[in-house]
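This report concerns only the one structure given below.
The values are calculated or read from the model by the stated rules, or taken from the named source; none is laboratory data. Just so it is clear, the structure is predicted and the values come from calculations on it, not from any experiment. In this analysis, Cβ positions are derived from the backbone assuming ideal geometry, glycine residues included, and neighbour counts consider all displayed protein chains. All accessible areas refer to the heavy atoms of the entire protein, side chains included, with ligands and DNA or RNA removed. Shrake-Rupley method; radii C 1.70, N 1.55, O 1.52, S 1.80 Å.
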Amino acid sequence: MFLRVLRPGRGVAAAILLLAACPVLGQDSSPQRDALVVETILRLDSVNLDAKPRTKEAVLRWLAANPGSDRFFDVVERFRIREAADALVSLATTRPDDTAGVRAARVLLDIDSARIDAVIAAADADPGRAAALVTALGGAGGREALARLTCCLGEERLPLGVRVAAATALGRSREGGEFLLARAREGALPIDVRFTVATALAASPADAIRAEAASVLPLPTTADATPLPPLRELARMPGDAAQGRRLFTARATCSNCHVVRGEGKEVGPNLSEIGAKLSAEALLVAILEPSAGISHNYETFLATTEDGRALTGLLVSRTDREVVLKDATGVVHVLAMDQVEDLRQSPVSLMPAGLEKTMTAQDLADLVAYLVSLKSS
Ligand code: HEC
């Protein structure tokens, strides 16, 4: 039966009239007609759309023409219309910060959560889309969303942008904030999202979380003693590349260790084409958390010698006879192996942490604008 119970009230008469004309529904497919079908089924207590293909066609047509409207969500939610999953994914990924995008994520979680997991699993192919969906999930909240966000945060194979979005989204809610704080206390927070988490918790809506975060995860301070904005915002700040270039070679001391197009000292990697390799977000993490991802072949080694010297540097070479280290100032030390008491790799980058203390948020944006511009041309 198309109709079991009619809700009393306004519109029932219209519903009955329309249903009487049911066989012709779908033959006349004007938008007005489709809208009337939608209004009608919403007034009914129980409708099995799958048993009414023409009605369902009209509803699907109407949904395709009205994505994101309140009515759209009412219909999709109430009749669990999985054919709308594409539209929901597209709403959640293009408008993750507004009501429609967040509601789309919530409905997807309810009617077709596998679609969410598929977008996240395809993050390598489209990191921006996955990150946007993660943001929308953060807005949606609830246990199912939280489970996915915590999973993204810890999944180190996901692109950084997605994990940053997960950290930011978690920091927005009390449950997410508590999870992040617990991870931080255990020392189990992945290092490349630590700064994002610190900024997210500093803006937590829960007083207790903000207060504890200030001691567990203090924010990096900048030259003007104001906390940095969250990583995603910082990455989007417009910067002046020419100003960034000046900072690179002067106050920020980058050229003490990095060569760009023949200028600077060669301690760390050559950055002449770094703009083709790292996104603005990844560049910021490289600057704010140098030990987050140490570049291959630039691991730090600590050597202690029999005569009591302790040296820290990059491993230039190593044979049975000698080990060669280059220290942070570019000075090369040759140590005879029989003089070396201990040689071990360190998880700490030779690139100093805390360089942002000499800069403001705008300086960082300028610096990143400069680095992003460094591509082969
Ligand atoms: C004392 C030396 C030193 C200074 C100063 C320094 N760096 Fe580095 N930097 C390194 C070393 C060594 C590495 C490689 C190890 C690592 O990845 O952490 C590195 C890595 C990087 C990377 C990652 C490169 C890649 O290919 O993945 C970037 C980007 C970077 N530095 C930018 C900067 C910027 C910008 C500044 C100035 C604000 C700066 N560095 C200052 C030594 C330094």
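Mean sequence separation of contacting Cα pairs (under 8 Å, at least six apart), scaled by the length of the chain, corresponds to a relative contact order of 11 percent. Working note: Karplus 6.51/-1.76/1.60 with θ = phi - 60° gives the range 206-213 the couplings 9, 4, 4, 5, 4, 5, 6, 4 Hz, where Gly and Pro are set to x. Converting phi to 3J(HN,Hα) with the Karplus coefficients 6.51, -1.76 and 1.60 and the offset θ = phi - 60°, the range 188-198 yields 9, 7, x, 5, 6, 10, 4, 5, 4, 4, 4 Hz in sequence order, with x at every glycine or proline. Using R0 = 22 Å, the C-beta based FRET efficiency linking ARG246 and THR358 works out to 0.95.
The sum of -39500 (n - 2.57) across all DSSP H runs of n ≥ 4, divided by the residue count of the chain, sets its helix-only mean residue ellipticity at 222 nm to -14500 deg cm²/dmol.
What net charge do the residues around GLU263 carry, taking every other residue with its C-beta under 15 Å from that of GLU263, with Lys and Arg at +1 and Asp and Glu at -1?
Working: positive: ARG245, ARG246, ARG261, LYS265; negative: GLU266, GLU273.
For residues surrounding GLU263, the net value is +2.
Tell me the carbon and sulfur percent of the accessible area for the range 65-183, rounded to whole percent, probe radius 1.4 Å. Carbon and sulfur atoms account for 48 percent of the accessible area of the range 65-183.
About its Cα centre, the chain has a charge dipole of approximately 1460 debye under the convention of +1 per Lys or Arg Cβ and -1 per Asp or Glu Cβ, with nothing else charged.
Carbon and sulfur together cover what percent of the accessible area of the range 300-346 at a 1.4 Å probe radius?
On the way: 1350 of 2870 Å².
Carbon with sulfur: 47 percent of the solvent-accessible area.
Within straight-line reach of LYS56, meaning a Cα separation under 21 Å, there are no lysines at least 8 residues removed in sequence or on another chain.
If the cut-off is a Cα-Cα distance under 30 Å, which lysines reach LYS265, setting aside same-chain residues fewer than 8 apart in sequence? Within the straight-line limit of under 30 Å, LYS265 reaches these lysines: LYS277, LYS326, LYS357, LYS375. Subtracting the Cα-Cα distance of VAL316 and ASP124 from 0.36 nm times their residue separation leaves 65.8 nm of extension gain. Out of all DSSP beta bridges in the chain, what portion is antiparallel? Express it as a percent rounded to 5. Percentage antiparallel, nearest 5: 95. Please identify the GluC sites (Glu not before Pro) of the range 291-324 that satisfy two criteria: DSSP loop assignment and at most 13 other Cβ atoms within 10 Å. Which are they? Of the GluC sites (Glu not before Pro), the ones in loops of the range 291-324 whose Cβ has at most 13 other Cβ atoms within 10 Å are GLU306. Residues in the range 296-377 average 56 Å² of solvent-accessible surface per residue, probe 1.4 Å, ligands and nucleic acids excluded.
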